[in-house]
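The values are calculated or read from the model by the stated rules, or taken from the named source; none is laboratory data. Remember, predicted model here, so these are calculated numbers, not experimental data. Cβ coordinates were reconstructed from backbone atoms using ideal geometry, including for glycine residues, and neighbour counts include every protein chain displayed.
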Amino acid sequence: MTAVRTLEKFGFGVDHAQADVVVVGGGGAASRAAVSAAQAGATVLMLAKAPVGQGGSTVHGASEIMSMGASGYGSRDDSATVHYEDTMRPAGGFIDRDLVRVLAEDAPKRIADLIELGVPFDRVDDGYKLIRSDFGSYARALGVKGKTGKAFVSALADEARKLGVDIRQPAALIDLLRDSTGRVSGVVAMDLESRRLLVVSARAVVLGTGGAHGLFSQQVSTAEMTGDGQAICFRHGAELVNMEFHQFGPAMVHPYVQLFSKSCFILHPKMLNRDGHEFLPDYLPAGVTPEAAMDEKVFPFTISNESRYIDIAIATEIAQGRGTERGAVHFSFADIAEERLAATIPNTLRWMRAKGLDPKRDLLEVGIAFQCLNGGVRMTSTDAMSTIEGLFVIGELAGGVRGPDRPGGNSLAEGQVFGHRAGVGAAAFARGSAAPGTSDGAPLAGRLETALKPNTWFDAQRIASDLRAAMQTHCLVEKTESGLNIALAAAREARAEFAAGGGATPSQVIDALTIDNMATTADVIVQACIERRESRSSHYRTDCPERDDAHFSHALTITRGEADPFRLAFDVLDYPGAEVTDASHSQAANHG
Ligand SMILES: Cc1cc2nc3c(=O)[nH]c(=O)nc-3n(C[C@H](O)[C@H](O)[C@H](O)COP(=O)(O)OP(=O)(O)OC[C@H]3O[C@@H](n4cnc5c(N)ncnc54)[C@H](O)[C@@H]3O)c2cc1C
């Protein structure tokens, strides 16, 4: 039965569209892919769960120094080779050096494209204002007043419209379509306004659906980021890699959300619990002062320097009930001179004041928030093809150039570099291949049947909230096998609740399917965290506190199990290694 007929059988209104390439996502990576595929002559349909410019980390991510790393705009001694080495040094063995090479080589060209599209990168004197990120040998990251990604997406989306890209928004990807050979043949999505399904036939699919922020109670992206792409790819048997590594750290959680980068810590704010007690000294080893820990602070959390005690202290105060009602502690900047605030955190100060916050007067609520996934669906070629023919994966959804650690600025660069390569590659793939066979809607039918099964007990909000609480407590700062098993049980419980019936009408089906996606992606992440029985960078297992190079100095791939998909198949991925080190972590200014 064709996909459209299968869906109509369930009572859905169904529309049909066709394109050479369908691009899913509305962030930096997807909008770049849409532009590049259209420039390469393909007809392109792009769909995004939140309206383009409003959803995802690229547009929402704000930090004092959000920026994209690329050599060629700063020191003459910097180069693609140095950028390559800076990326391989902290993560070699966990990442694909061919992909890293093109990342470093192409990033300057993609900056040049953005400049041509009118992105107003910050300037100083007669050059660009450059930030030296974690692991960076040189200052090489360019930004736009802390809202860098928003500027990218705005310029790229305008260009996509000019090139005739058909943008459907808000529209959520529900599933991939494949023909009888397994090749991707399109997607099924739901138009979130009309609540009609959209079946898009396409010769190539590019997925750029970003991370899995919505699996955690506190996060610094937008709510619709529920790990849909990871879950859908996993279900289809794609290989994922490095799923145990994710980034998180201190972030203001109210009245707006903002990551607190090093610039906030070098001001030495006071950290107070709900009783007004300055708690950081309680967590520091003898000889380490709060000021020294704050001077070392990097975002994200890492066990490789003493700033780790800051995140541990905040998380522990909150977990033990000494936090605020919003799951935060208080930061006070009251004792810091106005001129220092203005000189050190000008963007932050502007954003706070715009929200009616005065850091000289108000206590700020700071929690530990999830920032991004370092693992993802494995890219197997330099044009970002996944292990599924015709399916390209880009940006934070994709895996291969981010390992236990990554240089700050590389994620925005990755979105631009592989967005472009996937767009061009997908257009060429569409041009060079025969039309796929008839799309079979049968694999989706089972899930829809479950989502529509009557069940008055199914409460998507409660299930999501329970899962988020378990992930926040057990799968963020300090991890243990027993805690991870609690998170795993929460993911399994959410899946079981979905399996009992989503109780949805056709128009609400997305809520039930989202629970299934969240539970699936959480299950994969947690199992990967359990499998890595050592501590490395942000993956801190207090029950296995040492790094164990003898057993774990390699990336792990994950695919669904054969009999039971959730008996995951782990495999060692033999990326040719470089020495993995974290020694340079404390040297630079930092950002995500
Ligand atoms: C606060 C913060 C600061 C950061 N700072 C930096 C930095 O300084 N430098 C750096 O390099 N990186 C930084 N990062 C990381 C970087 O911003 C992200 O990794 C990167 O922007 C991700 O881009 P993306 O296009 O892959 O995903 P996103 O920008 O997250 O976009 C994902 C898109 O997919 C859509 N989507 C999701 N699910 C579906 C679905 N089912 N159907 C259709 N569409 C869907 C979303 O609506 C969204 O449009 C930061 C991240 C955050 C959150």
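Pairs are defined by a Cβ separation below 9 Å, a sequence spacing of at least 6 or placement on different chains, a first member in the stretch 306-322 that is at negative phi, and a second member that is of a type in the set (Lys, Arg) and surrounded by fewer than 18 Cβ atoms within 10 Å (Cβ to Cβ); the pairs so defined are Thr316/Arg322; Glu317/Arg274; Arg322/Arg274. Here Ser71 fits the description: closer than 30 Å to Pro576 by Cβ and either crowded, with 18+ Cβ neighbours inside 10 Å or of a type in the set (Ser, Thr, Tyr) (or both). Within the group Ala42, Ala3, which residue is over 17 Å from Gly415 (Cα atoms), assigned by TED's automatic domain parsing to the domain that holds Ala189, at pLDDT below 95 and crowded, with 24+ Cβ neighbours inside 10 Å? When all the criteria are applied, what remains is Ala3. Got at least one residue in the stretch 129-147 being in a helix (DSSP H, G or I), among the hydroxyl-bearing types (Ser, Thr, Tyr) and either more than 30 Å from Glu193 (Cα to Cα) or in contact (Cβ under 8 Å) with a residue 60 or more places away in the chain (or both)? Within the stretch 129-147 (the criterion being in a helix (DSSP H, G or I), among the hydroxyl-bearing types (Ser, Thr, Tyr) and either more than 30 Å from Glu193 (Cα to Cα) or in contact (Cβ under 8 Å) with a residue 60 or more places away in the chain (or both)), the answer is no, since none of the residues qualifies.
For the stretch 6-39, a tally of residues being of a type in the set (S, T, N, Q) and either crowded, with 24+ Cβ neighbours inside 10 Å or at positive phi (or both) returns 2. Listed by position, the helices (runs of 4 or more DSSP H) enclosed by the stretch 207-289 that each have at least 1 residues that are under 16 Å from the mean Cα position of the chain (by Cα) are 228-235.
Per this entry, Thr81 is not counted among residues that are hydroxyl-bearing (Ser, Thr, Tyr) and buried (at least 24 other Cβ atoms within 10 Å of the Cβ).
Taken as a whole, the condition of being surrounded by fewer than 19 Cβ atoms within 10 Å (Cβ to Cβ), in a helix (DSSP H, G or I) and modelled with pLDDT of 95 or more applies to Ala112. What's the number of the condition Glu64 fails, among (1) modelled with pLDDT of 95 or more; (2) buried (at least 24 other Cβ atoms within 10 Å of the Cβ); (3) more than 22 Å from Pro108 (Cα to Cα); (4) more than 6 Å from the ligand (Cβ to nearest atom)? The one condition Glu64 does not meet is (1). The set of residues in the stretch 224-245 being within 11 Å of the ligand (Cβ to nearest atom) and either closer than 26 Å to Ala91 by Cα or not polar (S, T, N, Q) (or both) consists of Glu224, Met225, Gly227, Asp228, Gly229, Gln230, Ala231, Ile232.
Gly146: crowded, with 19+ Cβ neighbours inside 10 Å and on the phi > 0 side of the Ramachandran plot, yes or no? Yes, satisfied. Note on the stretch 1-90: enclosed strands (runs of 3 or more DSSP E) holding 3 or more residues that are in contact (Cβ under 8 Å) with a residue 24 or more places away in the chain and of a type outside the set (S, T, N, Q) are 14-24, 44-47. Would you check if Lys147 is within 19 Å of the chain's Cα centre (by Cα) and either of a type in the set (D, E, K, R) or in the same structural domain as Gly211 (by TED's automatic domain parsing) (or both)? It is true that Lys147 is within 19 Å of the chain's Cα centre (by Cα) and either of a type in the set (D, E, K, R) or in the same structural domain as Gly211 (by TED's automatic domain parsing) (or both).
Scoring Ala160 on the criteria (1) closer than 13 Å to Val205 by Cα; (2) more than 10 Å from the ligand (Cβ to nearest atom) leaves a single failure, condition (1).
Filtering the stretch 185-201 for residues that are modelled with pLDDT of 95 or more, buried (at least 24 other Cβ atoms within 10 Å of the Cβ), in contact with a helix residue (DSSP H, G or I) (Cβ under 8 Å, 6 or more places away or on another chain) and within 22 Å of Thr302 (Cβ to Cβ) leaves an empty set.
Val102 falls short on exactly one of the conditions (1) within 15 Å of the ligand (Cβ to nearest atom); (2) aliphatic (A, V, I, L, M); (3) surrounded by fewer than 24 Cβ atoms within 10 Å (Cβ to Cβ); (4) over 26 Å from Ala251 (Cα atoms), and that condition is (1).
Looking only at the stretch 196-221, residues that are under 13 Å from Gln371 (Cβ atoms) and out of contact with any Ser or Thr (no Cβ under 8 Å at 6 or more places or on another chain) come to 3 in all.
When Gly408, Gly419 are checked against the criterion of being assigned by TED's automatic domain parsing to the domain that holds Gly186, under 18 Å from the mean Cα position of the chain (by Cα), crowded, with 24+ Cβ neighbours inside 10 Å and in a loop (DSSP other than H, G, I, E, B), Gly408 stands alone in meeting it.
If you filter the stretch 346-397 down to residues that are under 17 Å from the mean Cα position of the chain (by Cα) and polar (S, T, N, Q), you find that the one that is surrounded by the most Cβ atoms within 10 Å (Cβ to Cβ) is Asn374.
Checking every residue in the stretch 169-179 against the condition of being farther than 19 Å from Ser433 by Cα, at pLDDT 95 or above and assigned to a loop (DSSP other than H, G, I, E, B) gives at least one match. Only residues that are in a strand (DSSP E or B), within 16 Å of Phe12 (Cα to Cα) and more than 10 Å from the ligand (Cβ to nearest atom) were counted in the stretch 184-206, giving 6.
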